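Engineer: Right, I'll just put the structure down here and ask away after.
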Amino acid sequence: MLSVIKSRYRYPIILLRQMVITDFKLRYQGSVLGYLWSLIKPLALFGILYLVFVKFLKIGADIEGFPIYLLLGIVLWTYFTEVTSQGVRAILDKDELIRKVNFPRYVIVLSTAVSALINLVLNLIVVLVIMFLTGFMVETGWLNLLIVAFLIVELFVFSFSVALILSALYVKFRDLIYIWEVVLQAAFYATPILYPLSMVPTNVAKVMLMNPMAQIIQDFRYWLITPDTVTFEQLFGSGLYRIIPFAITLLTAIVALWYFRKRTMYFAEEV
């Protein structure tokens, strides 16, 4: 059984590895700072938002370590944005390859998610170093690390699934890329990144936390920064409601795989 699985996915894995390596080389080709740009971008955004929302508007002043709280949210959101924004055009950008070579098309979108995942892990290491140096970090144990690993997997699955749907839709609907830019901007402010969830009315906060991205960011903050972070247990009085964002992530993955597989046969004609 294991040999059959290994034989079946050997070619997609090799292709995925090559695409990720190529993407990394092309992304930073000719750049003086190279990988550092993937760190500078979220740090620059953090610096601007920190000055406006924390220093001037005094948002999050009652939360100890709110700057780290803000930085972690930006890093996680940047991953989702990068995967989905690049995923929209992923199939269309490889139009010549799709017409000439027969291979699993999902590998194209998957390579963008994996490439961005490498950046995410490196950025999270930097965030952890900053947290350690500033002292804003809960006492970590195996449970914390296991839950954080699970949250990274959840973030990867959700981001990849959304990118998969968008890439398949974009082949047919070219206006989607502009629509998605607007959706991302709206979703950024509708997700508790710039502000603590405690500032939002309870009923609204409950709805917001159903969003997998909001749940992931809040859980990251809870297990890495401060146990004072608002979670499902505090809002609903029970952790059972966590099933909802997990179910949304799973449903999104199922729909994405089904729709992408359905549309794959038309890619060569429509790209």
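Engineer: Taking only the range 31-76 into account, find how many residues are closer than 20 Å to Leu120 by Cα, at pLDDT below 70 and open to solvent by 30 Å² or more (accessible area, probe 1.4 Å).
Structural biologist: 5
Engineer: Considering only the range 13-30, state which residues are assigned to a helix (DSSP H, G or I) and modelled with pLDDT under 75. Write out each step before concluding.
Structural biologist: Quick first cut of the range 13-30, residues assigned to a helix (DSSP H, G or I) only: 13-27.
If the condition is that a residue be assigned to a helix (DSSP H, G or I) and modelled with pLDDT under 75, then Phe24, Lys25, Leu26, Arg27 are the ones that fit.
Engineer: Further question on the same structure: Working only within the range 226-259, note down all residues that are at pLDDT below 95 and touching a Phe, Trp or Tyr at 6+ places or on another chain (Cβ under 6 Å).
Structural biologist: Those that are at pLDDT below 95 and touching a Phe, Trp or Tyr at 6+ places or on another chain (Cβ under 6 Å): Thr229, Thr231, Phe232, Gly239, Tyr241, Arg242.
Engineer: Would the range 241-259 turn up any residue that is free of Cβ contacts under 8 Å to residues at least 40 places away in the same chain, under 23 Å from Ile130 (Cα atoms), open to solvent by 40 Å² or more (accessible area, probe 1.4 Å) and outside any loop (DSSP other than H, G, I, E, B)?
Structural biologist: The answer is no, given that none of the residues of the range 241-259 is free of Cβ contacts under 8 Å to residues at least 40 places away in the same chain, under 23 Å from Ile130 (Cα atoms), open to solvent by 40 Å² or more (accessible area, probe 1.4 Å) and outside any loop (DSSP other than H, G, I, E, B).
Engineer: Counting just the residues of the range 1-12 that are assigned to a helix (DSSP H, G or I) and either modelled with pLDDT under 65 or among the charged types (D, E, K, R) (or both), which one comes out nearest to Thr112 (Cα to Cα)? Outline the logic, then answer.
Structural biologist: At the first step, the residues of the range 1-12 found to be assigned to a helix (DSSP H, G or I) are 2-12.
Then drop every residue that is not either modelled with pLDDT under 65 or among the charged types (D, E, K, R) (or both), which leaves 2-8, 10.
Numbers: Leu2: 27, Ser3: 27, Val4: 27, Ile5: 23, Lys6: 23, Ser7: 24, Arg8: 22, Arg10: 19 Å.
Applying the filter and picking the extreme gives Arg10.
Engineer: Would you confirm whether or not the range 124-144 contains a residue that is free of Cβ contacts under 8 Å to residues at least 12 places away in the same chain, within 17 Å of the chain's Cα centre (by Cα) and farther than 24 Å from Pro245 by Cβ?
Structural biologist: Within the range 124-144, one or more residues are free of Cβ contacts under 8 Å to residues at least 12 places away in the same chain, within 17 Å of the chain's Cα centre (by Cα) and farther than 24 Å from Pro245 by Cβ.
Engineer: For the range 104-131, give me the residue count where each residue is open to solvent by 10 Å² or more (accessible area, probe 1.4 Å) and of a type in the set (A, V, I, L, M, F, W, C).
Structural biologist: Final tally of qualifying residues: 12.
Engineer: So, in the range 220-234, exactly how many residues are surrounded by fewer than 19 Cβ atoms within 10 Å (Cβ to Cβ) and in a helix (DSSP H, G or I)?
Structural biologist: So the answer is 2.
Engineer: Here are the criteria: (1) in a helix (DSSP H, G or I); (2) of a type outside the set (S, T, N, Q); (3) within 22 Å of Ile63 (Cβ to Cβ); (4) open to solvent by 70 Å² or more (accessible area, probe 1.4 Å). Tell me which single one Lys262 does not satisfy.
Structural biologist: (3)
The values are calculated or read from the model by the stated rules, or taken from the named source; none is laboratory data. The structure displayed is predicted, hence computed values, not measured ones. Heads up, the Cβs are rebuilt from the backbone with ideal geometry, glycines too, and the neighbour counts pull from every protein chain shown. We work out accessible area using only protein heavy atoms, side chains counted, and drop any ligands, DNA or RNA first. Shrake-Rupley method; radii C 1.70, N 1.55, O 1.52, S 1.80 Å.
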